[in-house]
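The values are calculated or read from the model by the stated rules, or taken from the named source; none is laboratory data. Everything numeric here is computed off the predicted structure, so don't read it as measured data. Methodologically, a virtual Cβ is constructed for each residue, glycine included, from the backbone with ideal geometry; neighbour enumeration extends over all protein chains shown.
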Amino acid sequence: MTLYRCAPAIVWVKDVGQTLLVAQERGQWWALRGVEATIWDLLTLHYSFEQIVGFLTELLGLSGEEVMQRLLAVIRRWEQAGIVCPLEGEGSG
Amino acid sequence: MANLVISAICNQNCAYCFTTDHRQPGHDFLPLGAFGERLDFLDRSGIQEARLLGGEPTLHPQFPDLVERARAAGKRVVIFTNGLMPETALTCLEALPVEQCTVMVNVNQPNGDRAAHERRLAVMRRLGERALPGFTIYRPDFQPEFLLPLVAETGCKPVIRLGMAQPCLSGGNRHLLPNQYRAVAVKIVRFAQAAAGTGVVLDFDCGFVRCIFSDADLEVLQAAGAKVGWHCNPILDVDLAGNVLHCFPLAQLGSLPLAPESDAAALRHTFEKWTRPYRRAGVFKECSSCPFKASGECPGGCLATTIRRFRHTPFRVEVPA
């Protein structure tokens, strides 16, 4: 398991139709829509990975495995963008 | 445009004061030498106005000298004051040609301090058309009607500069909330009509939002001669320590040093770069999909209000390998 956290520089706001993320010091911003915005919502509500998978499985009508792969891909993308970062040494696995 | 802070001291205590986040202990007044550097900055930047603010700028013990230096440098002088100025400052300002001086007098709704109100009126009478009253709306139940007889009585410029109190990033000052804007807009439209009936026009300060006025409202405002506008830009406030701010409400965002080679365009460019990501949003959650914003007609209101909508959530999530 890898423990991820929200990157300290990230601030966000929920607007109509999108969630805006800003990293001011890097001059970057991201507009999340659809499933990505939902994932962000659930993370900020402190849902666990398994709970998010469960929620999206019902929402999207996909299998648990498909949802898990999709969620992992999103998190990897966010890691590359510096939106989330791994908490080294704090994983449980 | 750039504002030069020359005094940290003020003889009023306005609840909405936007310098709340940027009090500078140990700096009371700008030394004359440093004022020369500020004028050089204006020259380098091609700025023809010396806009002096505080605190209360007229409390600077060498205020007449500062004004004289600004005039000697060929600058038109603009003063942001609460109107409760010492006689020396008033004498100096009333001696300036009307076209070379604007004294923006911030007038609060009378609160029972009759002596202060009378003093302000007396100052405005003596300044005549050099004085331009400003009124900051910081609560939705504001009552601006008292301003119209004040304009007539003092002979000041028949223009009222209207501002909506915006928050400092800390939120430590009184300010309007976006959900109060529409109610404020309705009152402004009514006031603009009343003002037009007495030959007075309204002039909008920064931070107004296009969508709080209906098209019908805008027609009324235009018929009343109101100078409406929706803008939010780096004003450039130069503080007593020689740091440049985007504007006072955004003081916590950071500052840039006023270096010997600094000019306003470069400073403004840096602030625009810093704030660009936040400009995707606005004061309302609808702003990011608003056609007025998309077309550039409206920036989405005050950036300090917008930034205060953002938050950081320190979530953690355990992800399978």
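Tabulated data
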| quantity | calculated |
| --- | --- |
| Residue that is over 30 Å from B:Gly171 (Cα atoms) and of a type in the set (Gly, Ala, Ser), where the choices are B:Ala50, B:Ala8, B:Ala15, B:Ala34 | B:Ala34 |
| Residues that are among the aliphatic types (A, V, I, L, M) and within 22 Å of A:Cys6 (Cβ to Cβ), drawn from region A:60-76 | A:Val67, A:Met68, A:Leu71, A:Leu72, A:Ala73, A:Val74, A:Ile75 |
| Pairs where the first residue, in region B:170-191, is of a type in the set (Lys, Arg) and the second is surrounded by 15 or more Cβ atoms within 10 Å (Cβ to Cβ), C-beta under 6 Å, 6+ apart | B:Arg174/B:Tyr16; B:Arg174/B:Tyr138; B:Arg182/B:Ile212 |
| Residue within region B:187-201 that is in a loop (DSSP other than H, G, I, E, B) and buried (at least 22 other Cβ atoms within 10 Å of the Cβ) present | yes |
| Failed item, numbered, when A:Ala81 is tested on (1) under 23 Å from B:Arg311 (Cα atoms); (2) in contact with a helix residue (DSSP H, G or I) (Cβ under 8 Å, 6 or more places away or on another chain); (3) surrounded by 13 or more Cβ atoms within 10 Å (Cβ to Cβ); (4) without any contact (Cβ under 8 Å) to a residue 60 or more places away in the chain | (2) |
| Criterion (closer than 28 Å to B:Gly254 by Cβ, assigned to a loop (DSSP other than H, G, I, E, B) and at pLDDT 95 or above) met by exactly one of B:Ile79, B:Ile47 | B:Ile47 |
| Some residue of region B:258-281 being under 20 Å from B:Leu176 (Cβ atoms), touching a Gly at 6+ places or on another chain (Cβ under 9 Å), in contact (Cβ under 8 Å) with a residue 40 or more places away in the chain and buried (at least 20 other Cβ atoms within 10 Å of the Cβ) | no |
| Which listed residue is farther than 23 Å from A:Leu20 by Cα, touching a His at 6+ places or on another chain (Cβ under 9 Å) and hydrophobic (A, V, I, L, M, F, W, C), from B:Leu240, B:Leu303, B:Leu258, B:Leu221 | B:Leu240 |
| Strands (runs of 3 or more DSSP E) lying entirely in region B:243-321 (those with 1 or more residues that are within 21 Å of B:Leu30 (Cα to Cα), modelled with pLDDT of 95 or more and more than 9 Å from every other protein chain (Cβ to nearest Cβ)) | B:243-245, B:255-257 |
| Residues of region B:95-119 satisfying the condition of being out of contact with any Gly (no Cβ under 8 Å at 6 or more places or on another chain), under 21 Å from B:Ile160 (Cα atoms) and in a helix (DSSP H, G or I) | B:Glu99, B:Gln100, B:Ala116, B:His117, B:Glu118 |
| Wholly enclosed strands (runs of 3 or more DSSP E) of region A:5-58 bearing at least 1 residues more than 8 Å from chain B (Cβ to nearest Cβ) | A:18-23, A:28-32 |
| Options A:Glu50, A:Glu79, A:Glu88; residue that is within 14 Å of B:Arg316 (Cα to Cα), modelled with pLDDT under 95 and not β-branched (Val, Ile, Thr) | A:Glu88 |
| Qualifying residue in region A:66-75 (condition: without any contact (Cβ under 8 Å) to a residue 12 or more places away in the chain, facing another protein chain (nearest Cβ under 10 Å) and over 17 Å from A:Lys14 (Cβ atoms)) | yes |
| Residue check for B:Phe135: in contact with a helix residue (DSSP H, G or I) (Cβ under 7 Å, 6 or more places away or on another chain) and part of a strand (DSSP E or B) | yes |
| Test: residue in region B:64-82 that is of a type in the set (Gly, Ala, Ser) and under 20 Å from B:Gln12 (Cα atoms) | no |
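Condition check ((1) within 22 Å of the chain's Cα centre (by Cα); (2) buried (at least 18 other Cβ atoms within 10 Å of the Cβ); (3) of a type outside the set (Ser, Thr, Tyr); (4) part of a loop (DSSP other than H, G, I, E, B)) across all residues:
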| position | (1), (2), (3), (4) |
| --- | --- |
| B:Leu42 | yes, yes, yes, no |
| B:Leu52 | yes, yes, yes, no |
| B:Gly55 | yes, yes, yes, yes |
| B:Pro64 | no, no, yes, no |
| B:Glu68 | no, no, yes, no |
| B:Arg71 | no, no, yes, no |
| B:Gly74 | no, no, yes, yes |
| B:Met85 | yes, yes, yes, yes |
